[in-house]
Amino acid sequence: MLLLLTLLFALFQGATSAHPIFDENGALDPRAQGVWYSREKGWILEIDERGVTRWQDTQAGCYASPAPDESTPMMGQVEYRLFRPSRNGQSIRLNYLPGDASAHFERLDALPQACGSEDLSSETAVFDVFTSVMASHYSFFQARGVNWDALVARARPQVHDGMGQAALWDVLAGLLEPLGDSHTKMVGLVNGEPRRAQAGLGTTLPMIREGMGEGAWLNGLVDQLFNDVLDPGAELLADRVIVGEITPDNSAPIGYIQIFTMGGFTHEHTPGTIEWSQAELAALSDMLDDALTRFADDQAIILDLSNNRGGYDAVTRAIAARFTDETFLGYRVSVPGAPEADQDYVITPYDGVRYTGPVYVMTSDVTVSGGEITTLMLRQRPNVILVGGTTRGAFSTPLAKPLPNGWYLELSNEVFEDSEGHVFEGRGIPPVLAFDIYPEDAPVAGHKAAIERVVAMIEAG
């Protein structure tokens, strides 16, 4: 493995800059032209003057990705825009956006003859594709205590051609349920109606959705912050970030930042484009510049990620860079069986306004994905203390695998670990001091009580 990584490094040395596959006039860079295969993703890409054609290579057959429709998730709508060629031209690394994780692809002489050679849209074929994709790419059966082969063996007799979309959906959704992984889900149209199969949402969100409703809950939390918790002058920024201060009696102020999503700060560009990425990071930078300048002399900052639903990974790294004065390994991403996918993310202190005093990060079982990645990084810093509840335990950027009938399967294939090799997939990141932030009997008032508890900790030193 070490030898392979060394060889890969040598191949890509001197080619670290990512280049557009197509320039602003739509012209193809000839170095990107060809047929490329990714073992990590199970994808074959044909790149030519017409664009990028994506094929799904599975143990059950090879087929072109169906055209997106109104049910297609974002991960199925974006395409690679950037590439880095190897010196010998036999492999490339592809990126969606600058700074994103890159995927390794090897050159093929031609598209395999099996691709497109058979109709895989029948119920039995879709079942075989679905189960083989999960077997080949899902990384956490053992961590989540699931015997996939046994589940498939029990489900197979239920499947036959002509059973209909609704019945097939129920079988496939039933296979996902035992995983309890909110990053592994299926979306699609069943008889023209949108459907979604997703488990593993923790206890808080299902409790809220079955009770007062998520809209009323979030509105109640925001109103409570502005009316009963934060000093006058608090702000809601981009409908995603709340910034304010809490001034205890006879004590210095405490800064407060709540971030609901890692992105969604702008609406000027199409999501997934390079322009969107640049605008998102610029908006975040402006917000953090203002907040951390305001909090420069505060005794501590509460970074509230207890309702963070994730988002754009580059945002998580930009946040971590604001709370450190040392360069450190934020996290490492790997894909089992694909050493070429290994990637380290090193966090360099932001060259501007930072805060390196005490930071209290609030989390809960709502905290997921990008919220957890931020927590994973910050927990390694000596000035950071985690409080609240254990995070959900779903880190991997979902691997989007459209099925031959147009449904989309997204699954967890990436392993995130911290600098010491700790992996929290399936179990979540525990706090240093545990307490319930959203108790069932007071899901709004409990948030205020949790903040008050953190403020008391800060005052006590």
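The values are calculated or read from the model by the stated rules, or taken from the named source; none is laboratory data. Predicted, not measured: the structure shown is a model, and the values here were computed from it. Cβ coordinates were reconstructed from backbone atoms using ideal geometry, including for glycine residues, and neighbour counts include every protein chain displayed.
I'd like to check something: does the stretch 412-419 contain any residue that is outside the structural domain of Leu292 (by TED's automatic domain parsing), surrounded by fewer than 17 Cβ atoms within 10 Å (Cβ to Cβ) and in a loop (DSSP other than H, G, I, E, B)?
There is at least one residue in the stretch 412-419 that is outside the structural domain of Leu292 (by TED's automatic domain parsing), surrounded by fewer than 17 Cβ atoms within 10 Å (Cβ to Cβ) and in a loop (DSSP other than H, G, I, E, B).
Can you tell me which residue within the stretch 39-61, out of those that are among the aliphatic types (A, V, I, L, M) and in a strand (DSSP E or B), is farthest from Phe130 (Cα to Cα)?
Per the criteria, the residue is Ile47.
For the stretch 229-243, does any single residue satisfy the condition of being over 27 Å from the mean Cα position of the chain (by Cα) and assigned to a helix (DSSP H, G or I)?
yes
Let's see how each residue does on (1) in the same structural domain as Thr324 (by TED's automatic domain parsing); (2) in contact with an Asp or Glu (Cβ under 7 Å, 6 or more places away or on another chain):
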site	(1), (2)
Thr348	yes, no
Val361	yes, no
Ser369	yes, no
Gln380	yes, yes
Gly389	yes, yes
Pro404	no, no
Asp441	yes, no
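Taking the options Glu210, Glu245, name whichever one is at pLDDT 95 or above and surrounded by fewer than 16 Cβ atoms within 10 Å (Cβ to Cβ).
Unique residue meeting the criteria: Glu210.
In the stretch 321-346, which residues are aliphatic (A, V, I, L, M) and either farther than 28 Å from Ser38 by Cβ or not assigned by TED's automatic domain parsing to the domain that holds Gly244 (or both)?
Selection gives Ala321 alone.
Kindly indicate whether Arg332 is more than 23 Å from Pro382 (Cβ to Cβ) and surrounded by fewer than 22 Cβ atoms within 10 Å (Cβ to Cβ).
When the stated conditions are applied, Arg332 does not pass them.
When the residues of the stretch 351-378 are filtered to those that are free of Cβ contacts under 8 Å to residues at least 60 places away in the same chain and buried (at least 19 other Cβ atoms within 10 Å of the Cβ), which remaining residue is nearest to Ser102 (Cα to Cα)?
In this case the residue turns out to be Leu376.
Scan Leu288, Leu303, Leu284, Leu292 and give me the residue that is in the same structural domain as Val368 (by TED's automatic domain parsing), closer than 15 Å to Phe323 by Cβ and not in a helix (DSSP H, G or I).
Unique residue meeting the criteria: Leu303.
Hey, among the residues in the stretch 62-99 that are small (Gly, Ala, Ser) and not in a strand (DSSP E or B), which one's nearest to Ile274 (Cα to Cα)?
Across the stretch 62-99, the extreme among qualifying residues is Gly99.
Checking Ile47 against (1) over 26 Å from the mean Cα position of the chain (by Cα); (2) surrounded by fewer than 20 Cβ atoms within 10 Å (Cβ to Cβ), which single condition isn't satisfied?
(2)
So which residues in the stretch 101-153 are modelled with pLDDT of 95 or more, out of contact with any Gly (no Cβ under 6 Å at 6 or more places or on another chain) and in a strand (DSSP E or B)?
Phe105, Glu106, Leu108, Cys115
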